[in-house]
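Values in this text are rule-based calculations from the coordinates and carry no lab data. Fair warning: this is a prediction, and the values are worked out from it, not measured in the lab. When we count neighbours, we look across all protein chains shown, and the Cβ atoms used for this are built from the backbone with ideal geometry, even at glycine.
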Amino acid sequence: MSAEKSEMGGDVRRTPTSTSQPATAVDLEPKKPWWNSVRVAGSATQIVIAAALAIAIGLAVSTSIDEVPKAAITIVAIPGNLWLRSLKAVAMILAVQRLRAMSGSGKLLARWTVGYYIATTLLAIVISTILTDLVWGRLMQVLSGDSLAVSPEDQKLIDERKEVEIATVVSQMFDSFIPSNVVNALATDSLLAVLITAIIVGYLLDTASAIIRVLEEVEVLITRIITFLIKLAPVGVFFLILPNLFKLNIAEIGINLGILIGGGIANMALHLFVVLPLLFFAITRTNPYTYWFKSSPAWLTAWGSASSAATLPVTMKCVIARGVPITITKFSIPLGCLVNMDGTAIYFPLCVVFLAVTQGIKLTPVDYVIIYLLSTLASIGTTPIPSSSLVLTVMIAQSVNVPITGMYAIIISMDWFLDRFRTAVNVSGDMFAARIIQKLTGITDDPSEMSDEDMEEHVVGRVEENSQRV
């Protein structure tokens with residue numbers, strides 16, 4: 001495609017040209033050495049370096065100082081929090097862009113996307129439950145006495161979370177689908193309500209609607225903002241990771257907590273590096289690891305921010321750059337950041353077994369079936385509930401008659417750390433899903449609906465996609 005701009009700098013008209021020309025131009029561009037990316041603002045190399053520096057400095061400080069002052073942690077976190085808030089602000093506007101995505105072949109895309117996300121979540125919980133029962137649960141030790149005692153502060157928190165019932169979770173989940181006030185949903189970051197509203201309205205809109213044309217203009221502006229924020233990603237990731245590592249107290253990590261952390265990370269690693277790549281290769285016949293590594297800005301940002309919603313702009317830009325159609329990207333990625341919670345689903349069985357084993361409670365096969373079913377429901381229903389994973393852990397434990405002890409405080413204390421890995425797994429799953437859904441649906445983009453920035457990224461992505469085929 002080629003773009004023709006009027007002399008007044010206004011409307012853009014695209015006229016069809018040979019699709020081989022952009023690809024040839026990209027192919028003929030001399031290949032730059034890998035170290036050249038160090039000088040590119042917001043590159044994956046810069047983000048990796050920033051994350052490594054933050055981890056090194058954070059561990060050095062946390063192991064050499066008894067306690068880092070809270071004021072220092074708060075001040076150091078300011079740049080990262082500002083960057084994170086900027087990403088979240090853009091993410092809400094991106095959700096409204098679903099109006100465009102659903103004005104086309106919405107039924108086919110929605111069916112495959114939702115079906116795939118549910119299937120991978122069920123698979124993740126099955127694997128996590130089996131590994132937890134056969135491996136990690138047997139390594140944990142039974143505790144007694146003061147180790148299981150609950151402090152008055154923790155007891156108050158546990159009592160509040162015990163009030164959350166399964167019926168309440170189901171009701172809140174469905175209530176969050178349809179907002180009573182769309183403007184309020186935008187103002188309060190209710191991403192799920194905004195997304196579903198946009199899907200419904202977009203499906204009913206005519207493709208020639210003036211609303212669609214307005215959103216096209218907004219999209220150009222948002223794309224430029226995202227590009228700028230991605231260039232700041234190394235700084236944002238550095239200041240998000242550093243203050244959190246100041247809180248890490250390695251001396252307090254005992255055997256059971258070490259198994260909880262190690263087991264959680266191992267289960268998520270198995271899902272991310274074995275299960276999803278096998279699905280990806282079986283369907284797309286391309287190298288999953290090349291695809292994942294080239295999308296590193298997304299999952300590194302996810303690990304640093306611990307927020308799928310905040311990472312949404314970066315994830316979409318990475319997926320489009322890999323050659324995935326923009327129509328698929330702008331529907332499957334926002335939906336995935338809300339319902340594709342593989343990392344969270346993997347974590348629930350491990351937490352419940354941790355609470356049970358430390359008290360000497362032996363779970364039965366029926367208990368594991370209940371944990372499996374409730375983990376599936378809980379992973380989908382996490383969006384509308386504050387501190388959702390911690391609240392729903394109490395709900396699932398109570399459903400299999402596991403009392404909440406002082407070990408729950410241990411889970412709370414390390415949740416911020418494991419949440420980063422869960423988010424990275426969730427975002428990576430969204431990126432794998434986008435390419436898989438592209439293959440399953442065969443949906444392609446209409447060049448007349450693509451912005452200049454999207455066209456440029458898409459051409460490069462298609463060339464990279466062809467080079468990855470095996």
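Residues with beta-carbon under 13 Å from that of Q46, excluding Q46: net charge, scoring Lys, Arg +1 and Asp, Glu -1? Walk me through the intermediate numbers first.
Working: positive: R39, K231; negative: none.
Combined, the nearby Lys, Arg, Asp and Glu give +2.
Which value in nm describes the separation of the simple spin-label points at A282 and L221, placed 7 Å from the Cα toward the beta carbon?
Output for this residue pair reads 4.6 nm.
L123 to V40: FRET efficiency via 1/(1 + (r/R0)^6), r the Cβ-Cβ distance, R0 45 Å, to the nearest 0.05? Before the final figure, lay out the partial values.
Values: r = 37 Å, r/R0 = 0.82.
Computed FRET efficiency for L123 and V40 comes out at 0.75.
Which FRET efficiency value, to the nearest 0.05, do you get for L204 and M414 by plugging their Cβ-Cβ distance into 1/(1 + (r/R0)^6) with R0 = 45 Å?
Result of the calculation: an efficiency of 0.45.
Which FRET efficiency value, to the nearest 0.05, is calculated for N181 and K231 with the Förster distance at 45 angstrom and r the Cβ-Cβ distance? Before the final figure, lay out each step's value.
Numbers: r = 35 Å, r/R0 = 0.79.
Calculated transfer efficiency: 0.80.
Which order, highest average first, do 216-227, 55-66, 78-89, 316-327 follow once you tally other Cβ atoms within 10 Å for each residue and take the mean per peptide? Can you show the working numbers first?
Details: 216-227: 15.5, 55-66: 12.9, 78-89: 17.3, 316-327: 25.2.
Top of the packing list down: 316-327, 78-89, 216-227, 55-66.
Mind scanning K88/K362; K107/K231; K88/K247; K70/K317; K70/K231 and naming the pairs with a C-alpha gap bigger than 32 Å? Could the numbers behind the result be given before it?
On the way: K88/K362 43 Å; K107/K231 36 Å; K88/K247 24 Å; K70/K317 35 Å; K70/K231 29 Å.
In this structure, K88/K362; K107/K231; K70/K317 exceed 32 Å between Cα atoms.
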